[in-house]
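Colleague: Take this structure, written in structure tokens, and hold onto it; I'll ask about it next.
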Amino acid sequence: MLKVLKHPLITHKLTQLRRRETCTKDFQHLMNEIAGLMAYEITEDIPLQETRVETPVGACDTHEVNHEIVLVPILRAGLGMVDGIRRMVPTAKVGHMGLYRDEETLEPVTYYAKFPESMPDSTVMLLDPMLATGGSASAAITELKKHGARNIKLVCIVGAPEGVQRVEKDHPDVDIILAALDVGLNDRGYIVPGLGDAGDRLFGTR
Ligand code: PRP
Ligand code: URA
């Protein structure tokens with residue numbers, strides 16, 4: 001299932017993120033803010049359990065979250081979404097998935113994978129700001145499934161239709177959540193209009 005989040009604050013911050021002149025510091029800040037707002041919307045149906053607390057005035061029968069969330073950023077650019085979500089969900093565990101896209105073939109190459117043990121019983125949010133050809137996301141989801149993940153949500157900021165179709169075809173059981181669905185890809189596999197190279201803009205490497 002594809003869901004494009006249309007909240008005005010997400011749209012506004014994404015507009016700032018896209019601007020060519022947005023500096024590395026602001027880019028990092030905005031990406032975390034967008035990810036946090038996305039997490040707020042995505043977690044609207046996570047399970048609650050009943051609990052009773054004592055307020056200074058008396059007993060209160062209420063609810064609290066009783067469900068594990070695992071964040072798995074795809075290195076590097078996915079790292080830019082982690083802190084923003086952890087601010088909303090401080091108990092979330094964090095795995096890491098090291099992938100880069102070969103610039104000639106555009107195929108993903110895995111160089112690191114480390115996940116918590118609780119993957120099978122958790123909601124696993126796979127984080128990457130860019131869903132371009134979908135090769136990286138599809139390979140990462142395959143790896144998550146090998147480690148037992150059953151409830152996977154792919155959370156990307158900008159997606160191309162090509163990437164959405166690839167993930168839907170390879171992993172029809174995975175929810176895809178975007179802040180924007182863009183027009184397509186250029187001949188270098190970049191999302192158009194997109195926001196450029198997310199990793200480089202986030203870490204100031206180019
Ligand atoms: C970017 C991006 C995704 C991937 C998307 O990473 O962060 O992981 O490309 O492309 P795809 O959908 O065509 O696979 P990149 O390979 O540039 O690595 P980086 O995060 O280290 O910059
Ligand atoms: N990776 C990026 O960082 N940007 C794109 O537009 C496509 C892949």
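Colleague: Over what distance in Å are the Cα centres of the stretch 68-100 and the stretch 167-206 separated?
Modeller: The stretch 68-100 and the stretch 167-206 have Cα centres spaced 17 Å from each other.
Colleague: Place the peptides 70-82, 54-66 in order of packing, highest mean first, counting for every residue the other Cβ atoms within 10 Å and averaging per peptide.
Modeller: Highest to lowest by the protection proxy: 70-82, 54-66.
Colleague: Using the heavy atoms of the protein chains and a 1.4 angstrom probe, tell me the accessible area per residue for the chain in square angstrom.
Modeller: 53
Colleague: Is there a quick way to get the dipole size of the chain? I mean about its Cα centre, with the Cβ of Lys and Arg at +1 and of Asp and Glu at -1; what is the value in debye to the nearest 20?
Modeller: Approximately 480 debye in magnitude.
Colleague: Magnitude of the Cβ-charge dipole of the stretch 72-193, K/R +1 and D/E -1, about the Cα centre, nearest 20 debye?
Modeller: Using only the charged Cβ atoms, the result is roughly 460 debye.
Colleague: Expressed as a whole percent, how much of the Cα-Cα distance distribution for the stretch 73-206 exceeds 25 Å?
Modeller: Distances greater than 25 Å cover 19 percent of the Cα pairs.
Colleague: In percent, how large is the relative contact order of the stretch 9-126, given Cα pairs closer than 8 Å and 6 or more residues apart?
Modeller: Taking the mean separation of contacting Cα pairs over the length of the stretch 9-126, I get 23 percent.
Colleague: Along the charge dipole of the chain, which of HIS7, ILE69, ALA59 sits closest to the positive end, that is, farthest toward it, with unit charges on the beta carbon of Lys, Arg, Asp and Glu (+1, +1, -1, -1)?
Modeller: The Cα lying farthest towards the positive end belongs to HIS7.
Colleague: Still on this structure: Would the stretch 1-122 count as rounded, prolate or oblate if I go by the C-alpha gyration tensor, calling it rounded below 1.5 in a/c and otherwise prolate when a/b exceeds b/c, oblate otherwise?
Modeller: Oblate.
Colleague: In percent, what relative contact order does the chain have, based on Cα pairs under 8 Å that are 6 or more apart in sequence?
Modeller: 22
Colleague: Determine ³J(HN,Hα), in whole Hz, for all residues of the stretch 12-22 in sequence, where each value follows from phi through the Karplus function 6.51 cos²θ - 1.76 cosθ + 1.60 and θ = phi - 60°; x replaces Gly and Pro.
Modeller: 4, 5, 5, 4, 5, 5, 5, 3, 3, 7, 5
Colleague: When ranked by the protection proxy of mean other Cβ atoms within 10 Å per residue, highest first, what sequence do the peptides 93-100, 164-171 form?
Modeller: Highest-to-lowest ranking by the protection proxy: 93-100, 164-171.
Colleague: Another question about this same structure. Computing the accessible area with a 1.4 Å probe over protein heavy atoms, can you report the carbon and sulfur percentage for the chain?
Modeller: Here it works out to 51 percent.
Colleague: What order, most packed first, do the peptides 20-31, 35-46 have when packing is the mean number of other Cβ atoms within 10 Å of each residue?
Modeller: Result, highest mean first: 35-46, 20-31.
Colleague: Positive end of the dipole of the chain, charges at C-beta (+1 Lys, Arg; -1 Asp, Glu), about the Cα centre: which of VAL89, GLY148, LEU30 has its Cα farthest in that direction?
Modeller: LEU30
The values are calculated or read from the model by the stated rules, or taken from the named source; none is laboratory data. These numbers come from a predicted model, not from an experiment. Methodologically, a virtual Cβ is constructed for each residue, glycine included, from the backbone with ideal geometry; neighbour enumeration extends over all protein chains shown. Remember, those area values only see protein heavy atoms, side chains included, never the ligands or the DNA or RNA. Shrake-Rupley method; radii C 1.70, N 1.55, O 1.52, S 1.80 Å.
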